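These notes are about the structure you will find just below.
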Amino acid sequence: MRTILISGANRGIGRSIAERALSDGHKVSLGLRNLDSIKGTKLDPLISGKENILLNNYHSEDIKKAESWVQSSINYFQTFDTIIHCAGIFNYASLLCKDDEIYQFDDLWKINVMGPLLLTRAAWTELCKHKDSRIIVLVSMSGKRSKSTLAGYTMSKFALMGLCQTIRNEGWEKGVRVTAICPGWVNTDMAKNIQSTPKEKMTQPDDLAKITCDILKLPNTCIPFEIAVNCLLET
């Protein structure tokens, strides 16, 4: 069984992954902006056991929060061997956005790209103590192609994919394996305003959770680097 740091576990895909990981017997250290968001749920330590869950106040753009989370996880569980990056934001920043909307590009860069980079850097020494550590990143199909005018979001996800490739290169000889999971529309709050695809035809968070946790069972010799998950035909 593994000890896993999971960012963005307060909702959507991150919550589903955290719940599945617990069900599979892993211990989880959760990075949350709002600790109250999981009260009364399966991710509440009072419900699933304090020996299995650690809660941490985490803001992905804050390097001090990343360092504190890593250290508190080591103190609590003695070690960890996996990071699952689920924290991310979405907005409609476009090439021709208004001048007073340019800040949205910075927001996307700080959360979607620098967040995983800072947390991985903070956790690197601990991950390298093991010979089979895992880093799983929820990227997006938007990190592989552009289908709309979402310049900011797409740029951030292409950059995140590049970061995943570089982390893989850096960690390969140390036994660190990286997987970038790239779904299209997922039935979460991020897609609540999408009218073009019915919610039941979108990828479901629980299915992504199963894919993610199945990867944790595989040996170093067959870890997929990239998994594209389609709910629509992609050409």
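The values are calculated or read from the model by the stated rules, or taken from the named source; none is laboratory data. Just so it is clear, the model here is predicted, and its values are computed rather than measured. All Cβ positions, even for glycine, are placed from backbone atoms using ideal geometry, and neighbour counts span all protein chains on display.
Which of the following residues is β-branched (Val, Ile, Thr) and either over 18 Å from the mean Cα position of the chain (by Cα) or surrounded by 19 or more Cβ atoms within 10 Å (Cβ to Cβ) (or both): 63, 13? Break it down stepwise before answering.
Numbers: 63 fails: either over 18 Å from the mean Cα position of the chain (by Cα) or surrounded by 19 or more Cβ atoms within 10 Å (Cβ to Cβ) (or both).
Of the residues listed, the single one that is β-branched (Val, Ile, Thr) and either over 18 Å from the mean Cα position of the chain (by Cα) or surrounded by 19 or more Cβ atoms within 10 Å (Cβ to Cβ) (or both) is 13.
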Residue in the range 212-235 that is out of contact with any His (no Cβ under 8 Å at 6 or more places or on another chain), aromatic (Phe, Trp, Tyr) and crowded, with 16+ Cβ neighbours inside 10 Å present: no
Cβ pairs under 6 Å, 6+ apart, first in the range 62-82 and modelled with pLDDT of 95 or more, second of a type in the set (Gly, Ala, Ser): 66/122; 67/122; 69/31; 70/122; 70/123; 73/29; 80/73; 81/133
Tally, over the range 193-235, of residues that are outside any loop (DSSP other than H, G, I, E, B) and over 19 Å from the mean Cα position of the chain (by Cα): 6
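Among the listed residues 105, 90, which satisfies the condition of being touching a helix residue (DSSP H, G or I) at 6+ places or on another chain (Cβ under 8 Å), in contact (Cβ under 8 Å) with a residue 60 or more places away in the chain and either surrounded by fewer than 20 Cβ atoms within 10 Å (Cβ to Cβ) or not aromatic (Phe, Trp, Tyr) (or both)?
Details: 105 fails: in contact (Cβ under 8 Å) with a residue 60 or more places away in the chain.
That would be 90, the only listed residue that is touching a helix residue (DSSP H, G or I) at 6+ places or on another chain (Cβ under 8 Å), in contact (Cβ under 8 Å) with a residue 60 or more places away in the chain and either surrounded by fewer than 20 Cβ atoms within 10 Å (Cβ to Cβ) or not aromatic (Phe, Trp, Tyr) (or both).
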Failed item, numbered, when residue 180 is tested on (1) surrounded by fewer than 19 Cβ atoms within 10 Å (Cβ to Cβ); (2) aliphatic (A, V, I, L, M); (3) not in a helix (DSSP H, G or I): (1)
Filter result (hydroxyl-bearing (Ser, Thr, Tyr) and either free of Cβ contacts under 8 Å to residues at least 12 places away in the same chain or in contact with a Pro (Cβ under 6 Å, 6 or more places away or on another chain) (or both)) within the range 189-231: 196, 203, 221
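Conditions (1) within 24 Å of residue 161 (Cβ to Cβ); (2) among the aliphatic types (A, V, I, L, M); (3) in contact with a Cys (Cβ under 7 Å, 6 or more places away or on another chain), marked per residue:
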| residue | (1), (2), (3) |
| --- | --- |
| 56 | no, no, no |
| 61 | yes, no, no |
| 79 | no, no, no |
| 85 | yes, no, no |
| 89 | yes, yes, no |
Those residues of the range 119-172 which are polar (S, T, N, Q), free of Cβ contacts under 8 Å to residues at least 12 places away in the same chain and either crowded, with 18+ Cβ neighbours inside 10 Å or part of a loop (DSSP other than H, G, I, E, B) (or both), in sequence order: 146, 148
